[in-house]
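Everything on this sheet refers to the single structure shown next.
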Ligand SMILES: [Zn+2]
């Protein structure tokens, strides 16, 4: 079906999303205000004049997200480019775009990054074996510990804090040759959905700098989207990888709970937290996930489940077959396409469903009756755990301490000054929920809901290979739009929190556009799989991405 | 004047002697320089996670079984939350509603010098938790420093039923716990180092009153005798208040035992119930015990003190001997082995409790530190009993064996210590002594029969201590009489 190279204009006229819109009775009609892929026509022509990607950029006519990691590898191995050049290009791009985007809280010392790049070049000269991330510039969310750079979790209470050791995920990507070029902005300790709750700065969405990049891993998503790095690490407690991936038009992977070690990730809600990956293609995301996955003796909740070679499974996907997803059972979660979800988002997801059908999948609607219970349960459990996890930030052993005459004031003043309002609110909520007399009504009940949610997913995934939904009820909104309405902001997490409660893996990839900004705003499709089904999600996502023509998810900067 | 009844319950913290801490790989060495055995995990650094040391479970199961508890085949850890500078994470990893062991008991025998008697006290629960660090207060009191060496060291908290009725019973309960953990090899049980810490709850009520009296907690007792005295002091303090009609002045509080003034003083008054906001520790999986694991531990348990005491009792030893021997497992093993090698039970006990114990006490050694083997003690006892050597020589040899080792036979031969049992040889020596002491012989014959001892001593001296004392006295008496 989709022939690989096409003129974008022809492509757009073929844009199947509107042509093949499944005529379902309760469907909202496609809202004319929304552009879907037709919008990307504008952005496309607009873009290829402005975008100066450091990568060997492809001609826009053949654009489809290819693996930057594999491109780098190829140019290194063929000696077309040196790792130091690649690193310098990215650092330059980073510096050039950072004033607008502000995605980094700390950028690596140029010499340090260059030294690492030189090591890679030396290995190449000596024909030594290269790790799968050799020479790849990577950004790391600032709640993930790095021994050579400050790690603040986006909080003033840890301003200037330098950890003693790398997080396991960071150690692993370095062992694979990755070059950590900086630490990205986030909502303080991961608590937020816009990156506005950072203790330091607000990050802008590269598609429209007046909008939020999403959160809490907004810095990591924006950095990939803006071409400041190749891939990045984020963390996902209730959607913190997937929602910013959706807002920024990049691929975001939330692995199964326990797939990636949490050692070195500053705990927000330990039973929900996972480290996730961002990339501009599914392949890049898969390579990064493969590098950081696996059991870690420093995290007893990390799984001993075998790690497949995600990337090689993708490479083997037969894209030329006319129905590459033949027989794949795709369940579209009907609760995610109802009230409170933007019409344009719904249309994009419906269009994605049609795309799945064209690829040979069988798409049916599934219902998760406990879906709406997930949000309140999530906020109770996450707040409860965070109230405990953040107790260690007391100013006694590290971090900012406010001098005081007596112990209680030292605690109170250090924490009052160090934490931002969102963190304080969640600590208070969690403390309340765990208090004697309230525990049964809140924490215990939320745990019961969690069991229900797990059961619901188990049933739905028994009947389907994957489930799909939007990654967020809307595209990126304006900076400041929801800062005074925390409930509206929390409601934005409805699409993602259930997946964390169930501990399942989910992949978000851009699937369309809605109107907004100068070039439209990307919409992310969430694909949910069974536990440890990352390989399946990535393979399906890869095929989806490679066959989705006409949408170029590269912002103009 | 009322009769009063005392109710005592004890919470005991036992520090486990694992090589590494409960949730990280730091060692714990008592007395190390502050903050030298710490890591990101036990200092609560951002991103650090606990990983359970499996030895902690093994030790907890040992103690649970030894205390006759039921084990929870699936238990979990919980977070107990409060702020204090010695608590790095702001919570202590502990066990709340599902402790690893519950519903057991401990048997003990009260010391004979206090009238003796057997007691059985209930054990409510045993749970695993981590220790906190220590605060070091500056001399001026203007600042405090935190030492986190002890943070994360594994503890077992053993909670008794409120079954004790006196300071003596409470102290003996604690001593039996110490004995038990030492037998099991799970802790050194050292109270001075804080490896065994007892918090005692004491309440007093008039006999016949069904409601419990107000519970007062006593801390800071670093010996069993201090416990005994502290509790008895507290009981009489509370009884006095009752008698004076001031029972309302007994308030729920924590009191510290002051060894100097031999009294308890208020440390802090409890204002309502602390809310620790326990919830399940999400960083650690549930603790699931396999039947095989428990069975292996059960079958590898040593003979426990209570069983040993009953066995010794059946061997015919006095309760004083029983308590002494069973107090220390190494001593008991030494005794058992000596008996196995043929030593007379009572004599072996006497030697161990007498000269050997005295030596160990003086030299501050344990029975395993000396060179005397149970085999040689048995040999020594047999040599005396069989008349090869005298008891006096036996004692001399004993100290030689303790200090230098070797065998009884070897020493006897080397030093020519074999007892003289030949009557003719002894007779010759008797005759020699009598002939050399005509004046004393005269006096003896004049009625001063007490001089027999003098003559016996001279003969023994003549024999270099080797003459068989029974034969010697027999022959001496004959000679004294016959020549009169
Ligand atoms: Zn440690």
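The values are calculated or read from the model by the stated rules, or taken from the named source; none is laboratory data. Quick caveat: nothing in here was measured; it's all calculated off a predicted structure. Glycine gets a Cβ as well: all are built from the backbone with ideal geometry, and neighbour counts include every protein chain shown.
Figures for the structure shown
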quantity: Residues of the stretch A:355-381 satisfying the condition of being outside any loop (DSSP other than H, G, I, E, B), over 24 Å from the mean Cα position of the chain (by Cα) and under 19 Å from residue A:508 (Cβ atoms); calculated: A:363, A:366
quantity: Meets criteria (buried (at least 24 other Cβ atoms within 10 Å of the Cβ) and in contact with a helix residue (DSSP H, G or I) (Cβ under 8 Å, 6 or more places away or on another chain)) for residue A:243; calculated: no
quantity: In the stretch A:128-163, residue farthest from the other protein chains (Cβ to nearest Cβ) [restricted to those that are at pLDDT 95 or above and on the phi > 0 side of the Ramachandran plot]; calculated: A:135
quantity: Single residue of B:341, B:371 found to be more than 17 Å from the chain's Cα centre (by Cα), closer than 29 Å to residue B:416 by Cβ, free of Cβ contacts under 8 Å to residues at least 60 places away in the same chain and surrounded by fewer than 17 Cβ atoms within 10 Å (Cβ to Cβ); calculated: B:371
quantity: Residues within the stretch A:234-272 that are within 14 Å of chain B (Cβ to nearest Cβ) and either in a helix (DSSP H, G or I) or under 8 Å from the mean Cα position of the chain (by Cα) (or both), tallied; calculated: 1
quantity: Candidates B:266, B:254, filtered to the one that is more than 30 Å from residue A:433 (Cβ to Cβ), modelled with pLDDT of 90 or more, in contact with a strand residue (DSSP E or B) (Cβ under 7 Å, 6 or more places away or on another chain) and outside any loop (DSSP other than H, G, I, E, B); calculated: B:266
quantity: Counted residues, the stretch A:151-175 - those being assigned to a loop (DSSP other than H, G, I, E, B) and either in contact with a helix residue (DSSP H, G or I) (Cβ under 8 Å, 6 or more places away or on another chain) or touching a residue at least 60 places away in the same chain (Cβ under 8 Å) (or both); calculated: 11
quantity: Filtered residue count, the stretch B:374-389, keeping only those that are under 26 Å from the mean Cα position of the chain (by Cα) and farther than 23 Å from residue B:328 by Cα; calculated: 0
quantity: The stretch A:396-421, subset under 27 Å from residue A:272 (Cα atoms) and more than 10 Å from every other protein chain (Cβ to nearest Cβ), residue surrounded by the most Cβ atoms within 10 Å (Cβ to Cβ); calculated: A:418
quantity: Residue list for the stretch A:276-304, restricted to those being closer than 23 Å to residue A:239 by Cβ and assigned to a loop (DSSP other than H, G, I, E, B); calculated: A:280, A:281, A:299, A:301, A:302, A:303
quantity: Verdict on residue A:362 being free of Cβ contacts under 8 Å to residues at least 60 places away in the same chain and touching a strand residue (DSSP E or B) at 6+ places or on another chain (Cβ under 9 Å); calculated: yes
quantity: All helices (runs of 4 or more DSSP H) inside the stretch A:447-557 with 2 or more residues being surrounded by 24 or more Cβ atoms within 10 Å (Cβ to Cβ); calculated: A:497-502, A:534-547
quantity: Odd one out for residue B:273 among (1) within 13 Å of chain A (Cβ to nearest Cβ); (2) at pLDDT 95 or above; (3) under 27 Å from residue B:197 (Cα atoms); calculated: (2)
quantity: Odd one out for residue A:372 among (1) within 14 Å of chain B (Cβ to nearest Cβ); (2) within 25 Å of residue A:475 (Cβ to Cβ); calculated: (1)
quantity: Unique match (being away from chain B (no Cβ under 14 Å) and either modelled with pLDDT of 95 or more or under 19 Å from the mean Cα position of the chain (by Cα) (or both)) among A:188, A:196; calculated: A:196
quantity: Selection count, the stretch B:141-168, where residues are surrounded by 20 or more Cβ atoms within 10 Å (Cβ to Cβ), more than 16 Å from the ligand (Cβ to nearest atom) and over 30 Å from residue B:205 (Cα atoms); calculated: 1
quantity: Subset of the stretch B:37-67 (residues that are touching a helix residue (DSSP H, G or I) at 6+ places or on another chain (Cβ under 7 Å) and without any contact (Cβ under 8 Å) to a residue 40 or more places away in the chain); calculated: B:46
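Here's the yes/no breakdown for (1) buried (at least 22 other Cβ atoms within 10 Å of the Cβ); (2) touching a residue at least 24 places away in the same chain (Cβ under 8 Å):
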| residue | (1), (2) |
| --- | --- |
| B:357 | no, yes |
| B:360 | no, no |
| B:363 | no, no |
| B:375 | no, yes |
| B:382 | no, yes |
| B:390 | yes, yes |
| B:402 | no, yes |
